[in-house]
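Throughout, read-outs are computed from the coordinates displayed, never taken from laboratory work. No experiment lies behind these values; they were computed from the predicted model shown. Positions of Cβ are generated from backbone atoms using ideal geometry, with glycine treated the same way; all protein chains shown enter the neighbour counts.
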Amino acid sequence: METNKPDTVNEPQADYGMYSYADYLTWQFEEVVELIRGKIFKKAAAAPKRLHQKVSGELNYRLTGFLKGQKCQVYAAPFDVRFPKGSKEDHKIHDVVQPDICVICDPEKLDDRGCIGAPDLIVEILSQGNSKTELQYKFKLYESHGVREYWIIHPEHQDLLIYTLVDGKYVPSRLLTSGDVVESTVLEGFTLDLEEFFKDIE
């Protein structure tokens, strides 16, 4: 059967594209790809840098420990998050991303293929594979679908920006860096001392 696989992977130039989650399931690209508004985004062609992986692994470890025994669950990439708009049928879903880390507190959103619907918390860790366009599209995607908290971590600068959803719009924190203790509004009681966190990662 012929699949709807593009010959190349390019960043989107228009607002909406032609591809769906049904197409996405048939592709076998060497690089990791995501769909945003039906357009293909490729993530870094090479494996993420060591620092990126250290930040991801350490934060995932801390979140997993904090959430042990609770209903919220944490997942790290590769893990598909689908954002349906109306129908949950594969061919009608045009937004599929792989956040570095996400926390889902509604078990009804989890299935064998990942998460369908908005996670409660998403963490993206910046690397050379992140384009400004990708971040702009993801910001709009997460905001419009109701992701309650969105973290952007810059490992090399050792800082963190948090967007919190208030009345359907993201409100940014100030830039958080060494000396700050981060408190999540979504995961009540979870804190992150950035000086201590990044000290262990170097």
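Listing for the model above:
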| item | result |
| --- | --- |
| Computed [θ] at 222 nm, helices only, for the chain once each DSSP H run of length n ≥ 4 contributes -39500 (n - 2.57) | -6000 deg cm²/dmol |
| Calculated over the chain: convex hull of Cα atoms, volume per residue (Å³) | 126 |
| Degrees, to the nearest 10: 132-145 long Cα axis against longest axis of the chain | 90 |
| C-alpha long axis of helix 50-67 to longest principal axis of the chain, angle in ° | 70 |
| Positive-end extreme of charge dipole, the chain - chosen from Ala77, Ile36, Ser127 (charges on Cβ) | Ile36 |
| Packing-based order for 111-117, 98-104, 65-71, using average beta carbon neighbours within 10 Å, highest first | 98-104, 111-117, 65-71 |
| Members of Lys68/Lys92; Lys49/Lys85; Lys92/Lys140; Lys109/Lys138; Lys42/Lys169; Lys49/Lys71 lying beyond 25 Å, as alpha-carbon distances in this model show | Lys68/Lys92; Lys49/Lys85; Lys42/Lys169; Lys49/Lys71 |
| Sequence ranges 146-152, 29-35, 73-79, 176-182, ranked by mean other-Cβ count within 10 angstrom, highest first | 146-152, 73-79, 29-35, 176-182 |
